[in-house]
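Participant: Have a look at this one.
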Amino acid sequence: MYKILRDYKELSSTVADIVEAQLKEQPLSKLILPTGSTPLGLYDELVKRKLDWSLVIAYNLDEYIMNIDHPYSYHSYMKKNLFDRTNIYPDHCHFPFRPVLSFEDKINANRGIDLCILGIGSNGHIAFNEPGSAFDSRTRVVDLSLQTLQDNSKYFDSVEDVPKQAITMGLGTIMESKKIVLMANGVHKFQILNVAMNGGVTETVPASILQKHNNVEVYYCG
Ligand code: PGA
């Protein structure tokens, strides 16, 4: 259920090919985009390809509950790594916000998502849907798990500085995307990826819900 690629360069270029094809075929595409260390190569590759983002509408998977101008917020991450390096309109870049139902309404008003790119956490989360998240969950405020706080402390000065809460798209929201691509990078992700893709479909492994999607591609490099 997943394809193993040679290295990180191939992971990034393979997923960039998918995004490029989507944008060329349908310039007015609605994308869900991830943050984290995994998509950095993808974003560099997309910038290099000088694609036309002028009609693209982007939604991010999640954001910490923190000042969005903070250098470690996901707003800042996306501006720095993708948005400010393309011709996407700032008004077309959306992050989950409160009230969360208005965020969902915005996605639905735009007739849904064409392509959703995901990473996977070492505990099997997708976006910030931590283990135990309901498969029909919608956008909401969540407490981050200890594992996620530890994993994400590499981006902050210390684990105490990592925000304890976030707003995340729900698993139900993500599953409504027409196409989903999951990227996993590093040997430390192999075991959880294997459990999620080949084990039982269970809310204790949130990414396992992807087994129920009819148009999903999963790429791994070690
Ligand atoms: P990472 O995070 O890309 O930094 O490994 C992935 C995730 O937590 O979804």
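Participant: Report the residue count in the stretch 93-125 for those that are basic (Lys, Arg) and either on the phi < 0 side of the Ramachandran plot or within 16 Å of the ligand (Cβ to nearest atom) (or both).
Facilitator: 2
Participant: Quick check on the stretch 38-53. Is at least one of its residues away from the ligand (no atom under 16 Å from the Cβ), of a type in the set (Phe, Trp, Tyr) and not in a helix (DSSP H, G or I)?
Facilitator: Checked the stretch 38-53: at least one residue is away from the ligand (no atom under 16 Å from the Cβ), of a type in the set (Phe, Trp, Tyr) and not in a helix (DSSP H, G or I).
Participant: In addition: Does Leu146 satisfy the criteria of being within 29 Å of Gln26 (Cα to Cα) and either within 16 Å of the ligand (Cβ to nearest atom) or out of contact with any helix residue (DSSP H, G or I) (no Cβ under 6 Å at 6 or more places or on another chain) (or both)? Reasoning before the result, please.
Facilitator: Details: within 29 Å of Gln26 (Cα to Cα): no; either within 16 Å of the ligand (Cβ to nearest atom) or out of contact with any helix residue (DSSP H, G or I) (no Cβ under 6 Å at 6 or more places or on another chain) (or both): yes.
Criteria not met by Leu146.
Participant: Moving on. Restricting to the stretch 187-208, name every residue that is within 10 Å of the ligand (Cβ to nearest atom) and exposed (fewer than 15 other Cβ atoms within 10 Å of the Cβ).
Facilitator: His188
Participant: Another one. Please note which strands (runs of 3 or more DSSP E) are completely contained in the stretch 55-119 and include at least 1 residues that are closer than 23 Å to Lys24 by Cβ and not acidic (Asp, Glu).
Facilitator: Because the criterion is at least 1 residues that are closer than 23 Å to Lys24 by Cβ and not acidic (Asp, Glu), the strands (runs of 3 or more DSSP E) in the stretch 55-119 that meet it are 57-60, 115-118.
Participant: Could you list, in sequence order, the residues of the stretch 25-73 that are in contact with a Gly (Cβ under 9 Å, 6 or more places away or on another chain) and either on the phi < 0 side of the Ramachandran plot or acidic (Asp, Glu) (or both)?
Facilitator: Result: Lys30, Pro34, Thr35, Ser37, Thr38, Pro39, Leu61.
Laboratory data are not the source of any read-out in this text; all were calculated from the coordinates shown. Note that the coordinates shown come from a computational prediction; the quantities given were computed from them, not determined experimentally. All Cβ positions, even for glycine, are placed from backbone atoms using ideal geometry, and neighbour counts span all protein chains on display.
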